[in-house]
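What follows draws every value from the coordinates through simple rules; no lab data is involved. Quantities reported herein were computed from a predicted structural model and do not represent experimental measurements. Here Cβ is always computed from backbone atoms with ideal geometry, including for glycine, and neighbour counts include all displayed protein chains.
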Amino acid sequence: MVTVKTAQEIELMRKANQIVRETLDLLEEKIKPGMTTKQLDKIAHDYITGCNAIPSFLGYDGYPASACISIDEEVVHGIPSPRRYIEEGQIVSVDIGSIYKGYNGDAARTFAVGKVSEEKKRLIEVTKQSFFEGVKILREGVRLGDLGHAIQSYVEANGFSVVRALVGHGIGTDMHEDPEVPNYGKAGHGLRLRSNMTIAVEPMVNAGTYDVRLLDDGWTVVTADGRPSAHYENTLAITEDGVDILSL
Ligand code: MF3
Ligand code: CO
């Protein structure tokens, strides 16, 4: 069931998402070669709990950490580890979720560590810009297929591919609510968005094939061809004339 939120609910979601945004800003500042992904996870966990919020990923379907940290060919849901070191030249996707007074925030960024290849740099930029290409057309009455189409066309025009196996989602009292929000689609198709619906739009963009596979840890999603992938996500509310991005 797709719900619309009240103005008060949206303000609580803004608070949850501001905590997520601040956590991502802090990680961007702290991330350095030689750190482990577990150390980054601890920074995220401590910051979120210090804001009187709950790290929503911890324990979600048994997920063992507060952050998802996915390096290079890892698309999403990389599990923080004390044995995984950050290195110069990597791109690191960090996904963070928090619950504040019962409402969820969810956002992700991809960071370049030191000097990275031109391809990786462009992948990060195209992924971020694909989100904004989608946002440009969003407002009440627009269909989910229009959004997916806008994101997909931009990504493909830049020579990259959009992951099909994972999608964005509605969000509110649950992290994952209806509807599903694909980053691909056909203009003129799908659910018509209404004011005060809240969704997480999260393009996952691969340098090569859009095919992915799941590692044996049961969580980490990697590109099928081993080429790099980037992720960019914000939670937003649909409005009469556009969107209100809650995690910016
Ligand atoms: N934040 C992810 C999403 O955007 C989901 C994280 S999965 C979890 O949908 F298990 F880590 F919570
Ligand atoms: Co999400």
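Numbers at a glance
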item: Only one of Val181, Val205 that is of a type in the set (Val, Ile, Thr), within 16 Å of ligand 2 (Cβ to nearest atom), farther than 23 Å from Thr3 by Cα and in contact with a Leu (Cβ under 9 Å, 6 or more places away or on another chain); result: Val205
item: Top-ranked residue in region 141-184 [being away from ligand 1 (no atom under 16 Å from the Cβ) and out of contact with any Gly (no Cβ under 9 Å at 6 or more places or on another chain); ranked as farthest from Ser229 (Cα to Cα)]; result: Gly141
item: Of all residues making up region 30-72, the number that are small (Gly, Ala, Ser), without any contact (Cβ under 8 Å) to a residue 12 or more places away in the chain and either buried (at least 20 other Cβ atoms within 10 Å of the Cβ) or away from ligand 1 (no atom under 15 Å from the Cβ) (or both); result: 1
item: Residue within region 150-157 that is in a loop (DSSP other than H, G, I, E, B) and within 15 Å of the chain's Cα centre (by Cα) present; result: no
item: Strands (runs of 3 or more DSSP E) lying entirely in region 73-131 (those with 2 or more residues that are more than 16 Å from ligand 2 (Cβ to nearest atom), closer than 22 Å to Lys42 by Cβ and touching a residue at least 40 places away in the same chain (Cβ under 8 Å)); result: 91-100
item: Unmet criterion (only one of (1) under 16 Å from the mean Cα position of the chain (by Cα); (2) loosely packed, with under 15 Cβ neighbours inside 10 Å; (3) of a type outside the set (Phe, Trp, Tyr)) for Ser229; result: (2)
item: Members of region 211-241 found to be in a loop (DSSP other than H, G, I, E, B), within 16 Å of ligand 2 (Cβ to nearest atom) and either within 19 Å of Val116 (Cα to Cα) or free of Cβ contacts under 8 Å to residues at least 12 places away in the same chain (or both), listed by number; result: Tyr232
item: Filter pass, Gly188 being small (Gly, Ala, Ser), surrounded by fewer than 21 Cβ atoms within 10 Å (Cβ to Cβ) and more than 15 Å from ligand 1 (Cβ to nearest atom); result: yes
